[in-house]
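All remarks here apply to the structure that follows.
The values are calculated or read from the model by the stated rules, or taken from the named source; none is laboratory data. None of these values were measured; they are calculated from a predicted model. All Cβ positions, glycine included, derive from the backbone under ideal geometry; neighbour counts span all protein chains shown.
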């Protein structure tokens, strides 16, 4: 189990290094010198993406229902989105 965590940490460090290198190539040194710290987030897994989509769709449904008196099945929509996410992973 520890080996898997070491691999993830190594991949994260490589990714962070690549992001910093790309930023240095993209932005002027004057701008880059003003940056104190780089924060690179870990990639999201499919369950985290599903939860974000569920929250956003729930908010959209609430907005549509509240302000436009429209109704549709949130569960059918979430099932469809979940199916789409699983087929793409």
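Tell me, yes or no, whether region 41-48 has at least one residue that is within 13 Å of the chain's Cα centre (by Cα), surrounded by 12 or more Cβ atoms within 10 Å (Cβ to Cβ) and assigned to a helix (DSSP H, G or I).
Yes, that holds for at least one residue.
Kindly establish whether residue 35 is assigned to a loop (DSSP other than H, G, I, E, B) and outside the structural domain of residue 81 (by TED's automatic domain parsing).
Yes.
Can you pull out every residue in region 10-30 that is surrounded by 11 or more Cβ atoms within 10 Å (Cβ to Cβ) and in a helix (DSSP H, G or I)?
The initial filter retains those residues of region 10-30 that are surrounded by 11 or more Cβ atoms within 10 Å (Cβ to Cβ), namely 11-13, 15-20, 23-24, 27.
Of everything in region 10-30, those that are surrounded by 11 or more Cβ atoms within 10 Å (Cβ to Cβ) and in a helix (DSSP H, G or I) turn out to be 11, 12, 13, 15, 16, 17, 18, 19, 20, 23, 24.
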